[in-house]
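Below: one structure, written as structure tokens.
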């Protein structure tokens, strides 16, 4: 496939084809060329679950948080998504250590309410020091969380982040890190990390398992993919509302299929449509949809 570095030459997915078929979740594991085999796909049992590696619950300051969380699960049902790896971000700024702990308590409650469907990331600010580390240990060891979520409070190459990475290695859980690479600075995210930063962190800690968030979250996704080429322990999630044609195909081609993780980050129909539209073999598609994330979830044994 011929690609151009120019944004103006990128094509977009046909939304009527990609999204409408994606909405019928029974087709999620098939490519556009396979969509004609409707009855086969509808009755075929998946060997592995479909796992959204990047999802969010609603902060309890929202009056309708419970309804919105139920809607998330209902949407996953319609789209054929079996499990959602969720964090809950605090809108309060500046956020306190207590604000982060509060979010993690609510995730733990959702894990109980939607047992087997919602898996939890422990969301912390590395700048909270010992309080952040204690919350990670509590969430993983006592509450059964599956990973750590870091946002943009600190660039991931800052030393303040290193103790969090070292604890994640000890606990054998992955870190999902907010990231983006724009053509100009983002005023409200001065400390945002990008793929190059995640690659640098991965080289510093080769035992870590890092997930670079939302390749389709805006900015230069081609740059992000290229920046991760030689960072074998950094995975890339497919989430984000950008649906340029070829995102998933290029990621698989340049990074290898084993490092690509299906994610939606709330753009659920777009998230499903991108993976469904990618030119992948059935085996590779299932790796992206859940097999690769399942391997990360098995790290704790």
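Evaluation of residue 211 against the conditions (1) at pLDDT 95 or above; (2) crowded, with 20+ Cβ neighbours inside 10 Å; (3) in contact with a helix residue (DSSP H, G or I) (Cβ under 7 Å, 6 or more places away or on another chain) shows that the sole unmet condition is (3). Answer with yes or no whether residue 136 is surrounded by fewer than 17 Cβ atoms within 10 Å (Cβ to Cβ), more than 26 Å from residue 241 (Cβ to Cβ) and within 21 Å of the chain's Cα centre (by Cα). Judged against the criteria, residue 136 is not a match.
Within segment 77-98, the residues that satisfy the criterion of being outside any loop (DSSP other than H, G, I, E, B), surrounded by 17 or more Cβ atoms within 10 Å (Cβ to Cβ) and at pLDDT 95 or above are 79, 83, 84, 85, 86, 87. Checking 151, 123, 114 one by one, the residue that is farther than 23 Å from residue 235 by Cβ and in contact (Cβ under 8 Å) with a residue 12 or more places away in the chain is 114 and no other. Residue-level analysis places residue 3 among those that are part of a loop (DSSP other than H, G, I, E, B), touching a helix residue (DSSP H, G or I) at 6+ places or on another chain (Cβ under 7 Å) and modelled with pLDDT under 95. Take residue 299 and tell me if it is closer than 23 Å to residue 166 by Cα, modelled with pLDDT under 95 and not in a strand (DSSP E or B). Judged against the criteria, residue 299 is a match. Among the residues of this structure, residue 202 counts as one that is modelled with pLDDT of 95 or more and under 17 Å from residue 148 (Cα atoms). Does at least one position in segment 277-286 carry a residue that is under 22 Å from residue 79 (Cβ atoms), crowded, with 24+ Cβ neighbours inside 10 Å and under 17 Å from the mean Cα position of the chain (by Cα)? So far as segment 277-286 goes, yes, one or more of its residues are under 22 Å from residue 79 (Cβ atoms), crowded, with 24+ Cβ neighbours inside 10 Å and under 17 Å from the mean Cα position of the chain (by Cα). Would segment 60-73 turn up any residue that is at pLDDT 95 or above and within 22 Å of residue 283 (Cα to Cα)? For segment 60-73, residues at pLDDT 95 or above and within 22 Å of residue 283 (Cα to Cα): absent.
The values are calculated or read from the model by the stated rules, or taken from the named source; none is laboratory data. Worth saying up front: this structure is predicted, and the values here are computed from it rather than measured. Counting neighbours? That spans all protein chains shown, and the Cβs are built from the backbone with ideal geometry, glycine included.
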